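The values are calculated or read from the model by the stated rules, or taken from the named source; none is laboratory data. All of these numbers come straight from a predicted model, not from anything done at the bench. Every residue, glycine as well, gets a Cβ built from its backbone with ideal geometry; the counts of neighbours run over all protein chains shown.
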Amino acid sequence: MNKSSLYPRLIEMRIAEALADTPVVLVAGPRQAGKTTLVRQQNRQSIHPSNIPPLD
């Protein structure tokens, strides 16, 4: 899925800011809202990519 087909996420910058000084950031929200997609995108863009454990 390419990024141009996704809705813009206004929270992306806030997550990046939080990850700059915090090792763990919780992304919570309703089912099928795009949380996993958002986290995977952020992880791909990260300087230090990591494993994302499922918390279901």
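Note on the range 17-47: among residues that are closer than 21 Å to Ser5 by Cα and of a type in the set (A, V, I, L, M, F, W, C), the one that is farthest from the chain's Cα centre (by Cα) is Ala33. Number of residues in the range 23-56 that are outside any helix (DSSP H, G or I), out of contact with any helix residue (DSSP H, G or I) (no Cβ under 7 Å at 6 or more places or on another chain), surrounded by 10 or more Cβ atoms within 10 Å (Cβ to Cβ) and at pLDDT 85 or above equals 2.
Residues that are of a type in the set (Gly, Ala, Ser), outside any loop (DSSP other than H, G, I, E, B), exposed (fewer than 11 other Cβ atoms within 10 Å of the Cβ) and modelled with pLDDT under 85 do not occur anywhere in the range 11-22.
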